[in-house]
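Take a look at the structure set out below.
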Amino acid sequence: MHAAAPAPAKTPLPLNVHERALVTWAAIFPLVLAAQTVLNPLVHAWPAVLQVFAMTLVVVPVASYVVMPRLMALYARLTRR
């Protein structure tokens, strides 16, 4: 007698371009706002390009490694893909 095979794990479907844009915006907007609020007192006298550079040094890694994976998982759970 053979044991029943386990049910295959459900692989989430990739997000379409509109869903990806919405999830990305939901991650980036609050991070940019927070970074601007925190960094502005430190970098307000710098040229604009250096201000943006400093902000992206903070926002991009936090968004990529912390926020986006959590938002993608949350979105997948909410949409039950």
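The values are calculated or read from the model by the stated rules, or taken from the named source; none is laboratory data. Bear in mind that the values here come from a model prediction, so they are computed numbers and not experimental data. Quick note on the areas: whole protein, heavy atoms, side chains included, nothing else; ligands and nucleic acids left out. Shrake-Rupley method; radii C 1.70, N 1.55, O 1.52, S 1.80 Å.
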Which order do V59, V38, V32 take when ranked by solvent-accessible area (1.4 Å probe, heavy atoms of all protein chains), largest first?
V38, V32, V59
Accessible area (Å², 1.4 Å probe, nearest 10) - Y75
50
